[in-house]
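So the structure is just underneath, and the comments pick up after that.
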Amino acid sequence: MNASLCIHGHFYQPPREDPWLGIILPEASAAPAGNWNERILRESYAPLAWARRLDAAGRISEILNCYEWISFNAGPTLLRWMLRHSPATVARMREGDARSLERWGHGNALAQVYHHPIMPLAGPEDREVETRWAVDDFRAVFGRYPEGIWLPEAAVDTATLETLAGQGLRFVLLAPRQAKAVRINKATTPVTEETLFIGEPYRLSLPSGASLAVIFYHGALSRSIAFNSLLRDGEQFWSRLSEAASTLAAQGQNPLLTLGTDGETYGHHFTFGEMALAHVLAQARAGRDGLGLTNLAAYIAAHPPTREVLLHEPSSWSCVHGVERWRSDCGCSDGGHPGWNQKWRAPLRRALNYTRAAVEAHFAVAGAECLVHPRQALLAYGQVLAEPQTKESYAARWFYQDLTGETSRRDRAWKLLAAQEQSLASFASCAWFFDDLARIEPENALTCALRSLELMRETGGSDICLEFLQILGQARSNQKDKGSGHEIFLTDILPRQATPASLCLLACLLLRYRGDWPRPGLPATWSWPRTSVTIIPENELTGPIRGTAVIRAYFENQGASCSWELTFPSADLQEADGTFVSLARASLTAHAPGWEETRSVADLSKPMRDYLQGEILIRREMRLRSRLRAQARHILSLMDPWAEEQRDILHSCLLAHLVPYLVLECVIDTRLEQGKRDQALSFLAGRLSPDSALLASRLLEEEILARLNEIPASSSAPYADACLADMIRRAKSLVPTDFWEIQNRIWQAGPENFPALASALNFAVNHPG
């Protein structure tokens, strides 16, 4: 057999950030992680960048960067978050794309439509903006122009394809059941998923005279990966692939077997799924069974389409009714609640379409007063979203020159552009994908819409909230206590809206409880990605505190000024211990000429209260850490605290939260006598609860990684290698941890440079892959 294999991974998360702050507020459904981006990153995206391959003895034989060997797209809204929170994973994606480009002449990475809207349901101008922004984002991240693009939910029609071709894109990946017929020399043959030969690319001829290539993935195998536990066994996975490739090879010369998968499948849906994928990639890299790896662009370049395909239009990979899943009660859902309906989908789309039309109309009029060419300026705005440092050059190109000295008008121009971005963000496909209006996805979409309406009003547009709510009120949740869309908006969405008082309240409390409160008359700033608040208190932290503030959105130069008065509960003034019960009584009144408002912590939305509490607890933990480590060192400095006659006394005063820190100090203190260490570790082993063992593991990995990072990457350090290896062996005797990040660091540095660590970390080889 002589065949090629390409496994595509679709990596996407919707816009989850709070539109005012630019951070993801706590999402309780993602527990134990703080939000869904964080959880999927930990369970799927990062493990794919450092996928383990084990030998027969269970030792690590290789740590594989799967992004180097699979085709993939990573959504701009996900990459924006990952660049801040996991730059190392993004670096592995970039590295994988660059190496595939060197190997095959074409990169693995594909672009993805910016906000993941259903393109056949978008207007022509929105399709163009979403595609142009996707291209700009891709170029900023991967440093090259994309050849192919992932269509959200593989939703496609001729108008969408024309948009892609107009932006210079060359190919798409679709589901086999989206093919309607194959045409050769004007002879048309109807096809189905079962009869379509998927082993070759096809040509999509467009009315404009342009064309794109399309590759169809293997539907049955892709579904088995997603739903039938094929990732439970890497060898079984390989056998199925080899069998499918053999079937294709019997029908054509050097065919391509393509799989279409969600990135979350590897790890999140199926634990250790990335290891099964790594096993399959290793077999294909070796050319086992005559099956070798390639990527989509490389295969198309080597095998240009010779046949034309016609599509069902509109169609998608996740709705058998075309694209009805995103606008009607078609029956497609995640199946979690049989008996629920999705009649809410239509009015939700109508409501958001209504806001979109209003924002666009306002932009056309107001933008003409600020922007040289509003439409072209909007298309180019993706460069600023991808690379914020280009903001000034963008303004120089697209803002009227007489705005240079007019800060308020410049700010207005930025607000108009931000209103467009937020309005487009509200159409992310997952708002309609699942089974109820009261889920987090529709609520996030409505939050983006709220922000866009606010920005429209602030730039002189009409207030259309009443009309918007009338349409939204026609949508009803399946959960009776949630009621209509109107009720959900007032109860769950409107409280998310940031106001001058709520922003000042947040900034004051965070500065106070994180220990950065300024002296009277001096400024202090609390910054989020999209907003900053600079406060100047006028008096000490006694009684009501008064001051002034400047609130500045990320796109503003001037910002808005106000005065404020903050009232703390007296207990909180004495001890910043994160006690949230008393903190909830804190309130702030903000005022400026023409308005005044008061907000208390209790008035904030629940996600915002959870965020505030979490930030305060982080500060508390930081303070406790240093204190508990000092206490642990003091106990270890005693002459013989572990002697039999002293253990009862020690046990009676040993607090549970001190145990992890004693474990940390026992493991890392190289000056501790071996006999004393053995006594200490034996004593502590019986006092580690599951929670304290988990914390001890985290503390140990952070400490050892910090020490390892102090060693220059290009040098070996035998003494440090031996010391750190001893620490890891001692840690493993007490707490269950594999030191995942440390393993990654050693693999990248080269296990041969750290032989003792390589052995302690369970590597089977002393050389990098």
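The values are calculated or read from the model by the stated rules, or taken from the named source; none is laboratory data. As the structure is a prediction and not an experimental result, all values here were calculated from the model. Every residue, glycine as well, gets a Cβ built from its backbone with ideal geometry; the counts of neighbours run over all protein chains shown. Only protein heavy atoms, including side chains, enter the accessible area calculation; ligands, DNA and RNA are left aside. Shrake-Rupley method; radii C 1.70, N 1.55, O 1.52, S 1.80 Å.
Looking at the structure I just gave you, is Val214 more than 27 Å from the chain's Cα centre (by Cα) and among the β-branched types (Val, Ile, Thr)? So Val214 fits the description; yes. Closer than 29 Å to Thr525 by Cβ, part of a loop (DSSP other than H, G, I, E, B) and open to solvent by 10 Å² or more (accessible area, probe 1.4 Å): does that describe Gly22? No: the conditions fail for Gly22.
If the condition is being of a type in the set (Gly, Ala, Ser), at pLDDT 70 or above and surrounded by fewer than 18 Cβ atoms within 10 Å (Cβ to Cβ), then the stretch 629-645 contributes Ala630, Ser637.
Taking into account only those residues within the stretch 305-321 that are in contact with a Cys (Cβ under 9 Å, 6 or more places away or on another chain) and touching a residue at least 12 places away in the same chain (Cβ under 8 Å), which is surrounded by the most Cβ atoms within 10 Å (Cβ to Cβ)? For the stretch 305-321, the residue satisfying everything is Cys319. From the list Leu694, Leu708, Leu699, the one residue that fits, being aliphatic (A, V, I, L, M) and open to solvent by 70 Å² or more (accessible area, probe 1.4 Å), is Leu694.
Right, Leu505: surrounded by fewer than 19 Cβ atoms within 10 Å (Cβ to Cβ), part of a helix (DSSP H, G or I) and modelled with pLDDT of 95 or more or not? No, not satisfied. Is there a residue in the stretch 106-113 that is crowded, with 24+ Cβ neighbours inside 10 Å, in a loop (DSSP other than H, G, I, E, B), under 16 Å from the mean Cα position of the chain (by Cα) and not basic (Lys, Arg)? There is at least one residue in the stretch 106-113 that is crowded, with 24+ Cβ neighbours inside 10 Å, in a loop (DSSP other than H, G, I, E, B), under 16 Å from the mean Cα position of the chain (by Cα) and not basic (Lys, Arg). Within the stretch 711-731, the set of residues being surrounded by 18 or more Cβ atoms within 10 Å (Cβ to Cβ) and of a type in the set (Asp, Glu) comprises Asp721 only. In the set (1) in a helix (DSSP H, G or I); (2) open to solvent by less than 20 Å² (accessible area, probe 1.4 Å); (3) among the aliphatic types (A, V, I, L, M), Ala88 fails one condition alone, (2). Report yes if some residue within the stretch 271-288 is among the hydroxyl-bearing types (Ser, Thr, Tyr) and closer than 30 Å to Gly322 by Cβ; otherwise report no. Taking every residue of the stretch 271-288 in turn, none turns out to be among the hydroxyl-bearing types (Ser, Thr, Tyr) and closer than 30 Å to Gly322 by Cβ.
Rundown of residues vs (1) open to solvent by 60 Å² or more (accessible area, probe 1.4 Å); (2) modelled with pLDDT of 90 or more; (3) under 13 Å from Thr499 (Cα atoms), yes/no style:
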| residue | (1), (2), (3) |
| --- | --- |
| Ala590 | no, yes, yes |
| Thr598 | yes, yes, yes |
| Lys606 | yes, yes, no |
| Arg609 | yes, yes, no |
| Leu612 | no, yes, no |
| Met622 | yes, no, no |
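When Arg409 is tested against the conditions (1) surrounded by fewer than 23 Cβ atoms within 10 Å (Cβ to Cβ); (2) out of contact with any Leu (no Cβ under 6 Å at 6 or more places or on another chain), the lone failure is (2).
In the stretch 204-236, the qualifying residues are those that are among the polar types (S, T, N, Q) and in contact (Cβ under 8 Å) with a residue 24 or more places away in the chain, and the one that is surrounded by the most Cβ atoms within 10 Å (Cβ to Cβ) is Ser222. Filtering the stretch 183-219 to residues that are in contact with a helix residue (DSSP H, G or I) (Cβ under 8 Å, 6 or more places away or on another chain), over 20 Å from Ala301 (Cα atoms) and of a type in the set (Ser, Thr, Tyr) leaves Thr192, Ser208. Being β-branched (Val, Ile, Thr), at pLDDT 95 or above and open to solvent by 10 Å² or more (accessible area, probe 1.4 Å) holds for only one residue in Thr261, Thr265, Thr247, and it is Thr247.
Being under 16 Å from Arg375 (Cα atoms), touching a residue at least 60 places away in the same chain (Cβ under 8 Å) and surrounded by 20 or more Cβ atoms within 10 Å (Cβ to Cβ) is the filter here; which residues of the stretch 120-135 pass it? Those that are under 16 Å from Arg375 (Cα atoms), touching a residue at least 60 places away in the same chain (Cβ under 8 Å) and surrounded by 20 or more Cβ atoms within 10 Å (Cβ to Cβ): Asp126, Val129, Glu130, Arg132, Trp133.
Among residues of the stretch 660-672 that are farther than 16 Å from Ser682 by Cβ, those with a beta-carbon under 8 Å from a residue that is part of a loop (DSSP other than H, G, I, E, B) at least six positions away or on a different chain give the pairs Pro660/Leu688. Scan the stretch 278-295 and give yes if some residue there is touching a helix residue (DSSP H, G or I) at 6+ places or on another chain (Cβ under 6 Å), under 22 Å from Ala74 (Cα atoms), open to solvent by 20 Å² or more (accessible area, probe 1.4 Å) and not polar (S, T, N, Q), otherwise no. Yes, because at least one residue in the stretch 278-295 is touching a helix residue (DSSP H, G or I) at 6+ places or on another chain (Cβ under 6 Å), under 22 Å from Ala74 (Cα atoms), open to solvent by 20 Å² or more (accessible area, probe 1.4 Å) and not polar (S, T, N, Q).
Which residue out of Arg177, Arg103 is open to solvent by 20 Å² or more (accessible area, probe 1.4 Å), more than 24 Å from Leu378 (Cβ to Cβ) and without any contact (Cβ under 8 Å) to a residue 12 or more places away in the chain? Unique residue meeting the criteria: Arg103.
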